[in-house]
């Protein structure tokens, strides 16, 4: 059985109480700094083939001023070494007023959460062999592959993740190879894109994504009925692969060129868009953007704070080691932005000498989204106010565009931290998007150039961290765009220059707000990018 049913057991409430003080210290807890209420939705029990521990996958409802979310916490339960063992394996009925469970202080070096009143030690099971064996024995396995639960070696939890928990499983993959299990901490109704998209890409033969090997899903109750979604996914592991952001920062620090790798990366991203269009086609007629706002429009600061993935501080060096703001690189103009106007272009094209008052609906929607984003950002970051006229001028250029690239499925949160370099090529990861957004929003078709814009923005961060000169950034950006455009022959260069500039500016405005709120010493990075884009 692989499609699990979540039911509520009496002990689930005691477990939820025990987890209450522990949760706010987890990177993936969505309600930090708020007065959150945590309750048990229920759980599902897996069976460890070796019988070493009880395994309970607990689902929790978290309610706060930021909204409501459902979290997953796999738990392993064992008799506490300090507590006397019960004379019978069956649990005694809970008294009417049970004593409060004792929670341990959060510790980085242990998975122990605390001890229940009956002496049961409760651990976060994500990296626990008992949970992993139970999961491997019960997961739905891709028919084209195989896994080996009996060959599980010593698991290792990857540190630094914010939204989920990934565990490296030596020996559990096909032919004894290493695999990686991703535990989705925040759950949403529907097919998780980090399962659905890699499976679809693998089906069409695109091999720059780690292939999903197995997965598990469940039905659980919400306030309006029963919903269905994924709990975890097991994927192939790329041994010896290096994080793309760390690699770029290292090259920038040494003064070594990123150009060849950036060009290859651009090619891979363009090929990804081609593969996505084939693997997950969208209807010929999409909803009117004016009636169905672009998924990246931001109605206000509080909605913005939860609707887009944030730059991950754990993939970047400590802010105290960042170069002095005055020494930050000033990256060159957007690739293709200096394309001269074509006097022979027909009216209405981006490089023509005359234009109609209005472009296509998608262009008008993007222009409106950009001005709304700027208004929101300028209210929070006063330094941006001086750019008002230039932002609106760029929005006007976007508004009159015609024949925008067709909207399609995209990655949605692409940057250097979402790619790996291994086996002499690039791999793309983490198609999940922002876990706090509904799956329907995360899978909405968008402009493929939004992915390219996100990648170019992360080049600025790598250059700043590595104290790279302007030339390093310019060469890397031009090389990426050269690789991308070479694999996208139908993309009009002049139209792409305006569209890409607007999408990158949209991302940089978001970054400015994020940095001002969370890492003020990093604010010069997006501010320099905004100045470059509006120059």
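The values are calculated or read from the model by the stated rules, or taken from the named source; none is laboratory data. Not measured: the values here are computed from a predicted model. Cβ sites come from the backbone with ideal geometry, for glycine too, and all protein chains shown count toward neighbours.
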For this session: Determine, yes or no, whether residue 61 is farther than 28 Å from residue 151 by Cβ and without any contact (Cβ under 8 Å) to a residue 60 or more places away in the chain.
Result: yes
Exercise. From the residues in the stretch 31-53 that are in contact (Cβ under 8 Å) with a residue 60 or more places away in the chain and within 19 Å of residue 15 (Cα to Cα), which one is surrounded by the fewest Cβ atoms within 10 Å (Cβ to Cβ)?
Worked result: 47
Exercise. Since residue 384 meets every condition but one in (1) out of contact with any helix residue (DSSP H, G or I) (no Cβ under 7 Å at 6 or more places or on another chain); (2) over 20 Å from residue 200 (Cα atoms); (3) surrounded by 21 or more Cβ atoms within 10 Å (Cβ to Cβ), which condition does it not meet?
Worked result: (1)
Problem set entry | Selection status of residue 297, assigned to a helix (DSSP H, G or I) and either under 20 Å from the mean Cα position of the chain (by Cα) or modelled with pLDDT of 90 or more (or both) | no
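One line per residue, one yes/no per condition, for (1) closer than 24 Å to residue 135 by Cα; (2) in the same structural domain as residue 143 (by TED's automatic domain parsing):
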{"position": "199", "(1), (2)": "yes, yes"}
{"position": "206", "(1), (2)": "no, yes"}
{"position": "210", "(1), (2)": "yes, yes"}
{"position": "214", "(1), (2)": "yes, yes"}
{"position": "217", "(1), (2)": "yes, yes"}
{"position": "227", "(1), (2)": "yes, yes"}
{"position": "231", "(1), (2)": "yes, yes"}
{"position": "254", "(1), (2)": "no, no"}
{"position": "258", "(1), (2)": "no, no"}
Exercise. Within the stretch 364-407, how many residues turn out to be touching a residue at least 60 places away in the same chain (Cβ under 8 Å), in a helix (DSSP H, G or I) and under 30 Å from residue 277 (Cβ atoms)?
Worked result: 13
Problem set entry | Lone unmet requirement of (1) farther than 27 Å from residue 224 by Cβ; (2) touching a strand residue (DSSP E or B) at 6+ places or on another chain (Cβ under 6 Å) for residue 25 | (2)
Exercise. How about the stretch 6-110: which strands (runs of 3 or more DSSP E) wholly inside it have at least 3 residues that are modelled with pLDDT under 95 and out of contact with any helix residue (DSSP H, G or I) (no Cβ under 8 Å at 6 or more places or on another chain)?
Worked result: 67-79
For this session: Identify all residues within the stretch 456-486 that are buried (at least 24 other Cβ atoms within 10 Å of the Cβ) and either closer than 13 Å to residue 256 by Cβ or in contact with a strand residue (DSSP E or B) (Cβ under 8 Å, 6 or more places away or on another chain) (or both); write none if there are none.
Result: 462, 463, 468, 472, 476
For this session: Determine which member of the set 441, 432 is out of contact with any strand residue (DSSP E or B) (no Cβ under 7 Å at 6 or more places or on another chain), assigned by TED's automatic domain parsing to the domain that holds residue 374 and not in a helix (DSSP H, G or I).
Result: 432
Seminar exercise, completed: Filtering strands (runs of 3 or more DSSP E) wholly in the stretch 170-279 for at least 1 residues that are touching a strand residue (DSSP E or B) at 6+ places or on another chain (Cβ under 7 Å) and surrounded by fewer than 19 Cβ atoms within 10 Å (Cβ to Cβ) gives 212-222, 225-236
